[in-house]
Each structure stands twice: as C-alpha cells, then as structure tokens.
Amino acid sequence: MTDSRLSIVRQVLILPVIVIAMGYFVDIYDLILFGVVRVASLQELGLSGDAVTSWGSIILNMQMGGMLIGGILWGILGDKRGRLSVLFASIILYSLANLLNAFVTNVEQYAALRFIAGIGLAGELGAGVTLVAEILPKHLRGYGIMTIASFGVLGVVAADLVAEHFAWRNAYIFGAVLGFMLLVLRFKVTESGMFKHHVSDDVKRGDFFALFTHKRLFTKYIKAIAIGIPLWYVVGILVMFSPEFAKALAITGDVTAGKALMYCYIGLAIGDLGSGYLSQIMKSRKKAFSLFMAFSLASVLYYYTLQGASAEQFYIVVFALGIFCGYWALFITMAAEQFGTNIRATVATTVPNFVRGAVVPITSSFILLKGSVGVLYAGAIVGAVSFTLAIIALVLTHDTFHKDLDYIEV
C-alpha cells in the first residue's frame, strides 16, 4: 500500500466511522433476520403452505412500515437534538424489540414487535451517514460512508450463520445482545461540529414538512428516494422470495431465502466498496451510480432466464445481483449531500427508510399480481416500474461529489 493510500485509510478509519460501521452491521443483522428465519419461525408458530408466504409478507410489511414512521421520527430528532441522540435511542429500541421477539407465541405478537423493531432500525443508518459526512472532509466522505455500508451489509452473513446453527429465537437474542454491547462504544463518539455550529434559535431545524411544501426541496427529495427503489425490489422480491422464484423457474436443488440473502449481501458488500471507490476515482457520484444501475438491470433480466438452472447457478446470479445493487452507500451519500445541515439528518434518515418502506407497496403489488399472472410475470411487472422510475430520477439528479456541506436550507 502506498503512503498516500495508507494516509487515506488512517484519516477515514477514525473512531466514529468504526463505531457507526459496527452499528450498521447490527442494524442489517436485525433488519434482515426475519427474512432468514421467516419459514422456520412461522412454521413453529403453527403456519404452513401459503400462510407462510402471506403472513411473511404481512410481517415484513409491518417491519418496513415501522421504518417509514421511524425514519420521520429519528430524522427530525437528529436535526433538532443532534445526530448522537438518534444513535443512542434507536439502538435501545430495536435491541429491546428483538429481545422480546425471541419470546413470541403467535403471529400477531410477531408482527407487532417487528413493527416496533422497524421504528428503531430506521434511525441507525441516516444518523450515522449524516455524522460521518459532516466530520470528514469532502474528498474523504465518500470513503467513510463506503466503509460503513460495505462493512454493515455483512450483518446478513452473520444473520444467516447464526440462524443456521442456532434456533430462530436464539438468533433474535443474539442480535439484541450485540446491540446493547455496541451501545457502550457509542459513549466515546462526539457530536458533529458542523451541527453544533449551526445550532441557534433563528435556524429552523428538522422541518420534515418543508420537504413537501417547498417545490425545490420536494423535487430533490422525491428524486433521491426514487433512485434507490430498484435495490429493495431486488432484495425484497427477487431474493427474499427466492424459494418461490426458484420453484417457478424449475431450479434443480434446494434454494432457501437465508442462503440467497447471504450471497446477495456478500455481493452488496463488494458492490458498496466498488461503487464508492469508483465514485472517488471518477470524482462523480452520478457517473458511478449510472454504471452500477445499468449492470443491475442487466443482472435482473438475466435472473429471469434461469429456467431449469441448478441451485448453484441460481446463487451465483443472486450474488451478481448483490454486487450490481451495491450502490446503497452511494445512494445515501448523494441524498445527504443534496441538503443543508439543518435538514440533512431528516433527509438522510427518511430517504433510505422510504426506500425500504417501498417494500410495502412492492411486495403488496407482487402478492396481488402473483395470483393472476404468476410469480415470474408479477415480479417482472413490479421490477419494470421500479427501474423506470429510478432511471428517470437519476437522469434528473445533479452530481454532488464536490459539494461543500457546511450550509443551511432557508
């Protein structure tokens, strides 16, 4: 490693970046755990056949619905009270919810606790990204957020390994313990100086409704959300429901959602490193994002051609889906960089959670269409809409690589 690259690593791998990366690791573990243990947990609770799919969709939607509400709550709090307040409160909430998840006795309790966990999970990434974006210089912030996202998505690998070797209830307990352990490290992280610099009575902070009443902010906000929707279409439909797609494609061999999610998220970790690094080399967020979205669309199209393939071939394509959907870090960075510091946490927290929350209409549309046109056509229709909206939004989005973040929205 050259001296210049070693210097970059040293400047980026500071305590806040490391702690927030670990926090996102726990966040992803807890976020994806239901998808990994969906079948086993629902069967133990007495469900079988189509009920596993339908209740699985309901519980997933409850979790993502909680993230929509939590995204707004934590975003506003992050701009009004500081980024650290969110990092503390959110991890306490989702760790408690995950602990209680280990003791559910029916699907109604399961759904309610995943909703509460979703509220808590909504605060981790946005507050962390905002804090890192504000404490690192602009030529390094892409590396910092890239580090957080690429390490964080490996949480799904931990979720799959834990669920494979332990009972699903113990997997939830493990996630809760990780969260409480991480809470201790948070006490060593300090607040963003940029946030403290702009704290004054005459600056309106965390004005969520301004994103809908101010035309310029609203346009940027909707575009920021739309460009991330294909990622959660891939994860929430093609990978989460991979056993159903494998059956429709006549895949030979056993395909499980947990293993598919693991391969996808390993790919996402690689993709997050690649897309983030590419944006730094190209000195353009938009160009790097465009390349990855193009390859993402190509890999999705190839997924639908796997008729009669082996389970191993299926998992390889799922791995490729993860790599080319690995622009999550880039997506969050672009969202955070487009808005002033008095509303940045609100945007950085709500945008990814509205994208995650888009799983609700995406999965609902998929389930609705599945009954009339089948799994493959339902997935293709939903995917076509998702990618079309994202491409239009990306074309209309301005690049943010060189943007100075020390400003407020008035």
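Read-outs throughout are calculated quantities, based only on the coordinates presented, and are distinct from any laboratory measurement. Since the structure is predicted, the reported quantities are computational estimates derived from the model, not experimental observations. Positions of Cβ are generated from backbone atoms using ideal geometry, with glycine treated the same way; all protein chains shown enter the neighbour counts.
Data overview
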{"quantity": "Rounded to 10°, Cα long-axis angle of helix 311-324 versus longest principal axis of the chain", "calculated": "20 degrees"}
{"quantity": "Whether the stretch 116-172 is rounded, prolate or oblate, judged on the alpha carbon gyration tensor where a/c under 1.5 counts as rounded", "calculated": "oblate"}
{"quantity": "Hydrodynamic radius of the stretch 6-119 per Kirkwood, over alpha carbon pairs, in Å", "calculated": "15.6 Å"}
{"quantity": "Gained length - Tyr302 relative to His398, 0.36 nm times residue gap less alpha-carbon distance", "calculated": "31.6 nm"}
{"quantity": "Spin-label model distance (nm) - Lys138 vs Ser365, 7 Å beyond Cα toward Cβ", "calculated": "3.6 nm"}
{"quantity": "The stretch 156-208: trypsin sites (Lys or Arg not before Pro) falling in loop per DSSP and having at most 15 other Cβ within 10 Å", "calculated": "Lys188, Lys204"}
{"quantity": "P(r) of the stretch 69-187 over all Cα-Cα pairs, binned every 5 Å from zero, in whole percent", "calculated": "2, 11, 17, 21, 21, 14, 8, 4, 2, 0, 0"}
{"quantity": "Mean Cα-pair separation over length for the chain, i.e. relative contact order, pairs under 8 Å, 6 or more apart, %", "calculated": "25 percent"}
{"quantity": "Karplus 3J(HN,Hα) series, Hz, for the stretch 376-388 with 6.51 cos²θ - 1.76 cosθ + 1.60 (x for Gly, Pro)", "calculated": "5, 5, 4, x, 5, 5, 5, x, 4, 5, 4, 5, 4"}
{"quantity": "Spin-label pair Arg186/Arg216, simplified geometry with 7 Å Cα→Cβ offset, distance in nm", "calculated": "3.5 nm"}
{"quantity": "Amide proton proximity set for Thr252, modelled H, under 5 Å, gap of 5+", "calculated": "Ala309, Ser310, Ala311"}
{"quantity": "Directionally averaged projected area (convex hull, Cα atoms, the chain), nm²", "calculated": "18.8 nm²"}
{"quantity": "Calculated FRET value between Thr252 and Asn170, using beta carbons and R₀ = 35 Å, to 0.05", "calculated": "0.60"}
{"quantity": "Listed residue pairs exceeding 18 Å between alpha carbons, taken from Lys80/Lys204; Lys223/Lys287; Lys204/Lys403; Lys287/Lys403; Lys283/Lys403; Lys188/Lys403", "calculated": "Lys204/Lys403; Lys188/Lys403"}
{"quantity": "Efficiency of FRET between Met282 and Ser48 - r from beta-carbon atoms, R0 56 angstrom, step 0.05", "calculated": "0.65"}
{"quantity": "Extended-chain gain in nm, criterion 0.36 nm per residue less alpha-carbon gap, His197 and Leu100", "calculated": "30.9 nm"}
